[in-house]
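Trainee: Below you will find the structure I want to go over with you.
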Amino acid sequence: MLTPGPDHPITLTAAPTRWRARYRGHVVADSDRAILLREASYPQVVYFPKADVEMSYFGQTSRHTTCPYKGEASYWTLDMDGGVEENVAWSYETPYPAMSGIAGCLAFYADRIEVYSLDEPAAGADAPEERALDRPGVDEVVQHTDSGSGASQRDHWPPNVEGPGPRDGVR
């Protein structure tokens, strides 16, 4: 076990904005509690709490690797809409003490899963009141929209209008 230091710095920061991960147009993670990990000269990695990930699409694989700074990583495969992405995500279930902030969080390979910031303050961040959104309402609409494949991400809402009756005819 190695400890991060000046020769190999690692920082964990609570994300100041909301983050999402998307696969083939479907949101698979959405969090205002994401952790940003910056390690030495590597690109930033976003870790999502599992509670904010659609874990029903993920299965743990037998693959494991060890990082001398973080500990043993477990890998996850995504199975969604006929697409299977082997070992597309990883987590440190019991990381070394210096990295305890990412325990049980999932990170994605950004070249296989689109990971992006929504550029809006995370919950609890200092945000003007006028920017407050009806988050559940917005998420409900997003999840019922076309993902680009011609199908919505959730079951369709029931119709809220009646069709023309026999007396109305077709115009």
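Trainee: Only residues of region 41-78 count here: report those whose backbone N is under 20 Å from the spot 7 Å along Cα→Cβ of T94, or say none.
Mentor: Zone members listed by number: 50, 60-76.
Trainee: For labels at S117 and T66 in the simple 7 Å Cα→Cβ model, what's the distance in nm?
Mentor: 3.5 nm
Bear in mind these aren't lab numbers, they're just calculated from the coordinates by the rules spelled out. All values reported here derive from a predicted model rather than from experimental measurement. Note that each Cβ is placed from the backbone with ideal geometry, even for glycine, and that neighbours are counted across all protein chains shown.
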